[in-house]
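None of the figures in this text is laboratory data; all of them are computed from the coordinates on show. Small disclaimer: the values here were computed from a predicted structure and weren't measured. Cβ coordinates were reconstructed from backbone atoms using ideal geometry, including for glycine residues, and neighbour counts include every protein chain displayed.
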Amino acid sequence: MKKESMSKRTQKAIETKKKIFEAARYLVTEHGIENVSVDSIVEAVGVSKGAFYVHFESKDALLAALINDYTNIADMDYKIFLATLSDYDSVLDILILLAEKISDFMEFNIGVDNMRALYKAHLTKTINTTSAMSYNRDLYKLFSEVLERGVNQGELREDIPVDSVAKHLILATRGITFEWCIRYPDFNLKEQVLDHYKILLYGLKK
């Protein structure tokens with residue numbers, strides 16, 4: 001009986017943590033990271049602040065978990081998207097389409113306000129953003145795999161390591177996204193990313 005009671009308490013705790021996390025995700029999507037407080041999260045869930053701190057050390061710890069979740073969702077989205085492009089012969093075309101997909105995800109799934117907050121977090125180190133910044137994240141691997149295919153089929157020059165090219169393409173995307181953040185709304189993110197990719201990729205063409 002005691003074991004069954006413990007199991008129920010554990011299950012309830014898991015459900016509460018999930019509700020807090022999902023409420024935070026919704027509020028961040030609707031209002032932006034910097035406009036969401038612990039009070040607004042617990043009010044949305046209908047739990048006490050104490051219950052919040054049982055599951056998350058701080059608001060920043062919860063935001064770090066959200067960033068990790070968004071990073072995983074984004075990378076999975078890109079991976080699934082690439083799988084739909086298997087019939088494309090040109091790796092350059094695939095990379096341009098992937099750049100377009102990434103631009104759309106940042107603009108419509110994350111939003112300019114949350115991207116601004118993410119850049120601020122990168123700089124101030126107030127939130128752990130390692131999952132989004134790590135060179136081990138799947139996005140770098142996806143770029144490297146596509147570039148490797150381009151080298152193998154003779155479409156891209158082979159004298160530059162694909163890992164290095166992948167990093168530079170993502171660096172370019174990150175820089176253009178920062179420009180979008182500071183010039184919004186007078187800056188078209190997708191248009192600028194695609195233009196820049198075409199300039200970079202033209203130099204890789206064999």
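Every Cα-Cα pair in the range 116-172 was counted, and those over 12 Å apart are 68% of them. A simple charge model with +1 on the Cβ of Lys and Arg, -1 on the Cβ of Asp and Glu and nothing else charged puts the dipole of the range 1-56 at about 560 debye relative to its Cα centre. When Rg and the Kirkwood Rh are both derived from Cα coordinates, the Rg/Rh ratio for the range 42-95 amounts to 1.34.
Close Lys pairs in the range 57-202 (alpha-carbon distance under 12 Å; sequence gap of 8 or more, or different chains): 4. For the chain, the dipole from Cβ point charges (+1 on Lys and Arg, -1 on Asp and Glu) about the Cα centre works out to 1020 debye, to the nearest 20. Our summary gives the range 57-202 a relative contact order of 31 percent, counting only alpha carbon pairs under 8 angstrom and 6 or more residues apart.
Can you pull the one-decimal nm distance between simple spin-label points at Lys12 and Phe108, each 7 Å off the Cα toward Cβ? The answer from the label model is 4.2 nm. A Stokes-Einstein calculation at 20 °C with viscosity 1.002 mPa s, built on the Kirkwood radius of the range 1-56 over Cα pairs, returns a diffusion coefficient of 179 µm²/s. Binning the C-alpha pair distances of the chain at 5 Å intervals from 0 yields a P(r) profile of 1, 7, 13, 16, 16, 13, 10, 8, 6, 4, 3, 2, 1, 0, 0 %, listed from the shortest bin outward.
Partner lysines whose Cα lies under 20 Å from the Cα of Lys12, excluding those fewer than 8 positions away in the same chain, are identified as Lys2, Lys3, Lys49.
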